[in-house]
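Shown next, in structure tokens, is the structure this report addresses.
The values are calculated or read from the model by the stated rules, or taken from the named source; none is laboratory data. Because the structure is predicted, anything quoted here is derived from the model rather than measured. So basically every Cβ, Gly included, is an ideal-geometry build from the backbone, and we count neighbours across all protein chains shown. We work out accessible area using only protein heavy atoms, side chains counted, and drop any ligands, DNA or RNA first. Shrake-Rupley method; radii C 1.70, N 1.55, O 1.52, S 1.80 Å.
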Amino acid sequence: MREDSVVELAAAEYRRVWDRFYEDFRFRPSMSPFKWPAIEEPVASVTWSLSALDDDPDDERLDRLVAEIKQGLSSCAGPAGTLFALDWQHTSYRFAPRETGGPGQPAWPLSPYPDGDYLIFLAEDFRFGSFGHPWEESLCLFGANLLGIAATQVDEILGPPIRESGRAVRVLDEA
């Protein structure tokens with residue numbers, strides 16, 4: 001295991017990464033539903049409501065969701081890849097997902113579940129990742145490879161998505 005499996009972003013890098021995120025994703029943090037979604041969701045993206053987890057007293061679905069997303073992000077990053085773990089207005093990190101979370105390894109620095117803050121995982125080149133919105137109570141996965149790995153399992157856990165490629169999904173009445 002490398003000593004630098006999880007590294008807090010220094011101030012200059014923190015600003016650089018967040019500035020790029022704001023610009024690339026047109027990030028608009030807001031508690032107002034009139035301003036959601038808070039990012040311009042990429043073409044290859046799917047967003048789910050997290051409301052299915054409201055009735056999950058033992059957190060079994062939540063734990064499964066987090067495990068699926070971590071596995072998908074880790075797989076997309078590859079054996080030597082690193083990711084950014086961003087917590088809005090808090091400490092953010094660069095980490096090696098394949099060198100975290102296992103026995104004798106440091107824990108993942110954050111969870112993909114947005115428990116009170118915007119939580120974002122990004123490839124260093126921003127081509128795939130996740131965006132957790134705490135007030136909309138939603139989770140967006142983006143990047144074709146990540147969607148190919150994780151979308152089916154996330155559908156099983158959370159139900160059908162609310163948006164695809166930034167557009168509302170029309171739910172057909174089954175009556």
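Restricting attention to the stretch 45-54, the residues that are open to solvent by 40 Å² or more (accessible area, probe 1.4 Å) and part of a loop (DSSP other than H, G, I, E, B) add up to 1.
From the list PHE27, PHE21, which residue is in a helix (DSSP H, G or I), touching a Phe, Trp or Tyr at 6+ places or on another chain (Cβ under 8 Å) and more than 15 Å from GLN153 (Cα to Cα)?
Values: PHE27 fails: in a helix (DSSP H, G or I).
That would be PHE21, the only listed residue that is in a helix (DSSP H, G or I), touching a Phe, Trp or Tyr at 6+ places or on another chain (Cβ under 8 Å) and more than 15 Å from GLN153 (Cα to Cα).
Consider the stretch 123-142 and keep the residues that are within 17 Å of CYS76 (Cβ to Cβ) and in contact with a helix residue (DSSP H, G or I) (Cβ under 7 Å, 6 or more places away or on another chain). The one that is surrounded by the most Cβ atoms within 10 Å (Cβ to Cβ) is LEU141. Filtered by the rule that a residue be crowded, with 17+ Cβ neighbours inside 10 Å and either hydrophobic (A, V, I, L, M, F, W, C) or over 19 Å from ILE120 (Cα atoms) (or both), the stretch 62-75 gives LEU62, LEU65, ILE69, LEU73.
Residues being of a type in the set (D, E, K, R), farther than 16 Å from PHE27 by Cα and open to solvent by less than 60 Å² (accessible area, probe 1.4 Å): count how many of those fall in the stretch 88-122. Working first, answer last.
So in the stretch 88-122, the residues of a type in the set (D, E, K, R) come out as 94, 98-99, 115, 117.
So of that shortlist, the ones also farther than 16 Å from PHE27 by Cα come out as 94, 98-99, 115.
Imposing the further condition that a residue be open to solvent by less than 60 Å² (accessible area, probe 1.4 Å) reduces the set to 99.
Summing the residues that are of a type in the set (D, E, K, R), farther than 16 Å from PHE27 by Cα and open to solvent by less than 60 Å² (accessible area, probe 1.4 Å) in the stretch 88-122 gives 1.
Number of residues in the stretch 21-76 that are of a type in the set (S, T, N, Q) and touching a helix residue (DSSP H, G or I) at 6+ places or on another chain (Cβ under 6 Å) equals 2.
Scan PRO37, PRO29, PRO57 and give me the residue that is more than 20 Å from LEU147 (Cα to Cα) and open to solvent by less than 90 Å² (accessible area, probe 1.4 Å).
Numbers: PRO37 fails: more than 20 Å from LEU147 (Cα to Cα); PRO57 fails: open to solvent by less than 90 Å² (accessible area, probe 1.4 Å).
Residue meeting the stated conditions: PRO29.
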